[in-house]
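Undergrad: Once you've had a glance at the structure underneath, I'll fire off some questions.
The values are calculated or read from the model by the stated rules, or taken from the named source; none is laboratory data. Just so you know, these numbers come straight off a predicted model, no measurement behind them. FYI the Cβ positions are ideal-geometry reconstructions off the backbone, even for glycines, and counts take in every protein chain you see. Protein only, heavy atoms only, side chains kept; ligands, DNA and RNA dropped before computing areas. Shrake-Rupley method; radii C 1.70, N 1.55, O 1.52, S 1.80 Å.
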Amino acid sequence: MESIYYVMCWACHRRCKHCYEARFRPYARGALEEVLREAAANFPRIIDHFPERMTYRDLEAPAADGSLPEKVGRVILSGGESLIEPVRERVTYPVIERLAARYRGQGGVKIVVQTTGDLVTEAVIDALLQRGVWMISVAGVDDFHVGLEGEAKQAAFREGLTRLFERAGMKRSGLSHTLRKWHEEEGPLFSFFGATPDSWIGKLWPRGRAWANDLSTATLADNFCNRWSGGLGFLQHRYSGSEVSIEPNGDVYPCCLKTKLPIGNLIEENLIDILDSLVGEPAYEAISMGHPERMGIADGWSVERFLERSRTVTPSGRPYQNLCIGCDAFHAERLGPVLARARERRRASRAGVSQT
């Protein structure tokens, strides 16, 4: 598989108003221990249910004989904030070590740690690199992060971190965050991005606090599904372009935005089994093709109906229309039984294997 986006823990030291997930926030005392305990208890089983190899066949770079080269995929470790001290020690470092051990001798894996950046120190960088991290991706460079309002503050923030990274022997990635040509660069690397107006997430997803605060400016023309980290290509796990998102409890989604319902859970099952069980299901094939407006055609939802169901109003009463809203509506109305049947097929298949 080319990419897995793994949200390891809900804890964050910020409560940004544009965040797509309200559970990313500061937790204190018992509440912090609860989310830490969930993350620490679940990650071994989650990782054990990752693909046997984190490699993929590159459809965009066939060899002269027509064969497709095998290239190393990546696991992006995120939160919340993956570098908060208790998360870092009890979850992030052990997750990195388990991933490195799992794929050692199995083709390898490129491990990316995503962070807001303001907790990065020389000691943290050294600890990450010693554990084999391939890239540190700083994701908080935008006006929504308190203390980084304006280009001057953001430039100073990037410059300070760049000095730290370069002293550690890291190189700045020369590729846009939205490009998938990771195999073209040798690590260790660092990169910067944020929810800036010109970025792939600049319109903000209709999710979480971004939705509650009426910040999404996406329209019907903004097809988040047909982009990297949307659902595009998620079912084609053997080939370039496939990515899924995983939550701390093991729930799996076709995209970082998260569909209304998870497609399975890695505490219980293997990721590849979950994906393969949805191959041929019209709704999920439509998502995988980046055309969510067609996900209900086989079930009586015309494109026109889907687009109409993509209309809503924001919490402030502003008219809003985006394909994610239609996807949520179709999941809520029709896809629960589809997912239940797929889960039952997987259960029966496992039972059949165990009996033979």
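Undergrad: Below 8 Å between Cα atoms, with a sequence gap of 6+, how large is the relative contact order for region 1-158 in percent?
TA: So the answer I get is 25 percent.
Undergrad: What share of all Cα pairs of region 119-278, in percent, falls into each consecutive 5 Å distance bin?
TA: The percentages, shortest bin first, are 2, 7, 13, 16, 17, 18, 15, 8, 2, 0.
Undergrad: Measure off, as a whole percent, the carbon and sulfur share of the 1.4 Å-probe accessible area of region 1-136, all protein chains present.
TA: With neighbouring chains kept in place, the figure for region 1-136 is 49 percent.
Undergrad: Please report, in debye to the nearest 20, how large the charge dipole of region 201-356 is about its Cα centre when each Lys and Arg carries +1 at its beta carbon and each Asp and Glu carries -1 there.
TA: Roughly 140 debye for region 201-356.
Undergrad: Counting alpha carbon pairs within less than 8 Å and at least 6 residues apart, what relative contact order, in whole percent, applies to the chain?
TA: 18
Undergrad: I need the Kirkwood Rh of region 229-356: take the reciprocal of the average 1/r across all distinct C-alpha pairs and report it in angstrom.
TA: After inverting the mean inverse Cα-Cα distance, the result is 15.4 Å.
Undergrad: Could you please put HIS237, HIS13 in sequence from largest to smallest accessible area, using a 1.4 Å probe?
TA: Heavy-atom accessible area, descending, gives HIS13, HIS237.
Undergrad: Could you tell me whether region 263-321 comes out rounded, prolate or oblate from its Cα gyration tensor? Rule is a ≥ b ≥ c as square roots of the eigenvalues, rounded for a/c under 1.5, then prolate if a/b exceeds b/c, otherwise oblate.
TA: Cα axes put region 263-321 in the oblate bin.
Undergrad: For ARG227, ARG29, ARG14, ARG238, write out the residues from largest to smallest accessible area, computed with a 1.4 angstrom probe and no ligands counted.
TA: From most accessible down to least: ARG29, ARG238, ARG227, ARG14.
Undergrad: Then there's this: So for the chain, taking the charge dipole from beta-carbon charges (+1 Lys/Arg, -1 Asp/Glu), which of ILE287, ALA64, GLY250 sits furthest toward the positive end?
TA: Of the listed residues, the answer is GLY250.
Undergrad: When Lys and Arg each count +1 and Asp and Glu each count -1, what net charge do the other residues less than 9 Å away from GLY233, Cβ to Cβ, add up to?
TA: -2
Undergrad: On a 1.4 Å probe surface of the protein chains, which of ARG167, ARG305 comes out largest in accessible area, and what is the full order?
TA: ARG167, ARG305
Undergrad: Taking all protein chains as present, what is the carbon and sulfur share of the accessible area of region 276-356, in % to the nearest whole number, probe 1.4 Å?
TA: Carbon with sulfur: 55 percent of the solvent-accessible area.
Undergrad: I would also like to ask the following. Treating only the Cβ of Lys, Arg, Asp and Glu as charged (+1, +1, -1, -1), what charge dipole size does the chain show about its Cα centre? Round to the nearest 20 debye.
TA: With only Lys, Arg, Asp and Glu charged at Cβ, the dipole is about 460 debye.
Undergrad: Hey, which of these cross-link pairs are over 21 Å Cα-Cα: LYS17/LYS203; LYS17/LYS171; LYS17/LYS258; LYS71/LYS110; LYS17/LYS153; LYS203/LYS258?
TA: Long pairs (Cα-Cα over 21 Å): LYS17/LYS171.
Undergrad: I would also like to ask the following. Over the chain, average the accessible area per residue using a 1.4 Å probe and give it in Å², no decimals.
TA: Per-residue value: 43 Å².
Undergrad: Please compute the length gained on full extension between GLU308 and GLU159, using 0.36 nm multiplied by the number of residues separating them and subtracting their Cα-Cα distance.
TA: Stretched out fully, the GLU308 to GLU159 stretch lengthens by 49.0 nm.
Undergrad: Round to a whole angstrom and tell me the spacing of the C-alpha centers of region 277-294 and region 313-342.
TA: So the separation of the two Cα centres works out to 15 Å.
Undergrad: Now for a separate question. Normalised by the number of residues in region 1-50, what is the relative contact order in percent for Cα pairs under 8 Å and 6+ residues apart?
TA: Relative contact order comes out at 34 percent.
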